[in-house]
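Notes follow the structure.
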Amino acid sequence: MAERDGSGGGAAPPGGRGERHAPPDDWTAPERRMWWLFRAGRTCDLRVGADYDGGSTGVRGGRSRRSGPPAAADDALEGPAWPAERTVRAQAVAELLLNPPPPQPGRVAALKLAGVRISGRLMLSGGIITPYLQLDDCRFDEQLMMQECRAGSMRLVRCLIPRLEAARLTVTGDLHLPQCLIPGGIRLTDAQIGTDLLLNQLTVRRDRAGRAVAADGLQVGQDLDAELIDVTGEFSLRSARIGGRLSLRGSALHNPHGRYALNAARVQVEHTLYLTAGWNAMEGGAGDTRPPPGSATRDFVCEGGLRLDDGRFGNAVIVTRSDFRLTGDQQLSLRRIQTPELRFVPGTPPDGTVSLAGARVGKLVDAPDSWPESGRLSLRGFVYEGLTPLEEFPLRARIAWLHAATPEFRPEPYERLAAALRAGGEDAEAREVQLARQRRRRETLPPAGRIWGWLQDVTVGYGYRPGRAAVWMAVLWAIGATYFAVHPVPHPSDSGYVPHWNPALYALDLLLPVIDLGQDNAWREAGAGQWVASGLILLGWVLATTAAAGASRLLRRGS
């Protein structure tokens, strides 16, 4: 059967659907044009002033040469209404995608539309789409239905889609939705994307259930880029699995009246989560590169709670130049996350509660002004192996950070900080943290315990300042030796052994509780001398006991 040359319409030849080489007679002129260009793998461009070369079809729109933002008349998001000459029925689009005609010889069929209005509801649910799909500056009158659909790569750019229903969608290649406006929300629950999911500069609003993006159980083979997006409603990524990075650079998530603006509990990201400032990637490099000089950047904004509980991140969680606006019981919840690095430098402290309870981090990168005020930080069970502050973080401020995170005293945060400082070779600072822990613990003890703790602190710094014991011993020895040197020699005891009188050696023998230098038992004090001798014996025992307690504490905790 001879193939039609595409110069006009024509009825379908007899035979099965797969034998058709011409569009149905009842199709409109834009739909027939779409048909022929589909078979040629070329773009059906219905935008004002679109360039074309005619090709073998002899119809307008053979090849689009337009680039950059659309003209006002072609703006699919905010432009004026489009005439019937730019309209195709959703049913015609579905027929091309689900039951496509054969391509022209030497061509690969593909549906490429630009500046086209699609009327009616596009029903692709449960279907298998084999042609490549690319829509630029297109408008959908009704929601796009793609539940349990299977397709290769799909690219929709600057399109107006009332709602996208794509639960359990399977895409073997990329799914791109950059710069689209979706006022009724997106549903990608349990969808599977083979390579990249690109949502950059997407604008999406919540549905009737309050969710803007429902993507629980989503699986992405490589990267999920959602940079500079504007979301009103909950962005839900619970139990999602991302094979590369999850980037929310420069995005604005708004859900002030709901519990979460971003709900990504149990998310697994093989590389890095970015909650940082972003810039237009078309103006420079993307990925981990810095913005080009002079390019406009936008901070990450989260107006509402953010939840990453039980998340797993293979490389890092980066939080820089981020604005968290929390109200009521909304939280920035990082409970039980696991990541080799947590970089938490939002720029301004969150105005709500931040919880790192149970989190396990290899390296913590922060700054003194990273954290919220006292009583709004939870570090219970927070484990980190090292500290790398981006700017000077004095030890006193770090201890105050722990104090703010533990309204009720708990020893674990102090021990963890001391261990991290020791791992970094800062042994002296680690001992200061342990000393702060003992002083904080003393506040919880009964009066007798507080007195004994105070004595240990003053004398030997709970064992973390052992040099104090030697200083006190030297001071007491000097006082005792001076006193006995200026007073008369005491009477010998009844032991019969009378050594040569030596005031310095006698005072030292009184202070040392175990060692016998043969002086204290050879003399018998009376009056004031007896009180001085008894005081030296008592203070010597106190010094020895506190020094022994501190030494055992050092050995037990490995300080």
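The values are calculated or read from the model by the stated rules, or taken from the named source; none is laboratory data. A quick note: this is a predicted structure, and the numbers were derived from the prediction, not measured. Positions of Cβ are backbone-derived with ideal geometry, glycine not excepted, and every protein chain shown enters the neighbour counts. Surface areas here come from the heavy atoms of the whole protein model, side chains and all, with no ligands, DNA or RNA. Shrake-Rupley method; radii C 1.70, N 1.55, O 1.52, S 1.80 Å.
For the range 196-276, list log₁₀ I(q)/I(0) at each q in 0.16, 0.22 Å⁻¹, using the Debye formula over Cα point scatterers of equal strength and ignoring solvent, two decimals each.
Debye intensities relative to I(0), on a log10 scale: -0.53, -1.02.
Residue by residue through the range 396-412, which ³J(HN,Hα) values in whole Hz follow from phi under the Karplus form 6.51 cos²θ - 1.76 cosθ + 1.60 (θ = phi - 60°), with glycine and proline marked x?
After applying 6.51 cos²θ - 1.76 cosθ + 1.60, I find 4, 5, 5, 5, 5, 4, 5, 4, 5, 7, 10, x, 9, 4, 9, x, 4 Hz.
I want the local charge near LEU181. Using Cβ-Cβ distances under 13 Å, sum +1 for each Lys or Arg and -1 for each Asp or Glu among the other residues.
Neighbourhood net charge equals 0.
Please state the equivalent ellipsoid semi-axes for the range 208-251: what are the square roots of 5 times the Cα gyration tensor eigenvalues, largest first, in whole Å?
Working: eigenvalues 69, 44, 6 Å².
Semi-axes, largest first: 19, 15, 6 Å.
Between HIS176, ALA166, GLN143, whose Cα lies farthest towards the positive end of the dipole of the range 139-215 when Lys and Arg beta carbons carry +1 and Asp and Glu beta carbons carry -1, centred on the Cα centre?
Result: GLN143.
Let me check something: with ligands and nucleic acids excluded, how do LYS363, LYS112 order by accessible area (1.4 Å probe), largest to smallest?
Final ranking, largest accessible area leading: LYS363, LYS112.
Using the Cα centre as the reference, give the magnitude of the dipole from point charges on the C-beta atoms of the range 284-421 (Lys, Arg: +1; Asp, Glu: -1; all else neutral), rounded to the nearest 20 debye.
The calculated dipole for the range 284-421 is roughly 260 debye.
From largest accessible area down, sort VAL354, VAL475; use a 1.4 Å probe on the protein chains.
In descending accessible area the options line up as VAL475, VAL354.
Post the alpha-carbon centroid distance, the range 150-205 to the range 381-400, in whole angstrom.
Here the answer is 41 Å between Cα centres.
Leaving ligands, DNA and RNA out of it, work out the accessible area of THR388 with a 1.4 Å probe and give it in Å² to the nearest 10.
My reading of the accessible area for THR388 is about 60 Å².
Using a ≥ b ≥ c from the Cα gyration tensor of the range 70-137 (square roots of the eigenvalues), is it rounded, prolate or oblate, where a/c under 1.5 gives rounded and otherwise the larger of a/b and b/c decides, a/b for prolate?
prolate
Just how large is the dipole of the range 294-339 about the Cα centre, in debye to the nearest 20, putting +1 at every Lys and Arg Cβ and -1 at every Asp and Glu Cβ?
140
In whole percent, and with a 1.4 Å probe on the protein chains, what portion of the accessible area of the range 201-279 is carbon and sulfur?
With neighbouring chains kept in place, the figure for the range 201-279 is 39 percent.
In terms of modelled amide H atoms, which long-range or inter-chain residues lie less than 5 Å from the amide H of CYS44?
Sorted by chain and number, the residues that satisfy this are LYS112, LEU113, ALA114.
Ranking request for peptides 198-210, 391-403, 154-166, 365-377: highest mean number of other beta-carbon atoms within 10 Å first, then the rest in descending order.
154-166, 198-210, 365-377, 391-403
Once the range 115-162 is represented by equal point scatterers at the alpha-carbon sites, with solvent omitted, what log10 I(q)/I(0) does the Debye formula produce at q = 0.14, 0.15 Å⁻¹?
Log-scaled intensity ratios, in q order: -0.33, -0.38.
So, taking all protein chains as they sit and a 1.4 Å probe, how much accessible area belongs to HIS487, in Å² rounded to tens?
Surface open to solvent at HIS487 totals about 80 Å².
Could you tell me the accessible area of ILE451 in Å² (1.4 Å probe, neighbours in place), rounded to the nearest ten?
110
Over the range 325-409, with every protein chain in place, what whole percent of the accessible area is carbon and sulfur at 1.4 Å, could you tell me?
Exposed carbon and sulfur together represent 46 percent of the surface.
Tabulate in residue order the Karplus-calculated ³J(HN,Hα) for the range 145-158, using 6.51 cos²θ - 1.76 cosθ + 1.60 with θ = phi - 60°, rounded to whole Hz; enter x for Gly and Pro.
9, 9, 4, 6, 8, 10, 8, x, 6, 9, 9, 10, 10, 6
Cα gyration tensor of the range 373-412, axes a ≥ b ≥ c as square roots of the eigenvalues: rounded (a/c below 1.5), prolate (a/b > b/c) or oblate?
oblate
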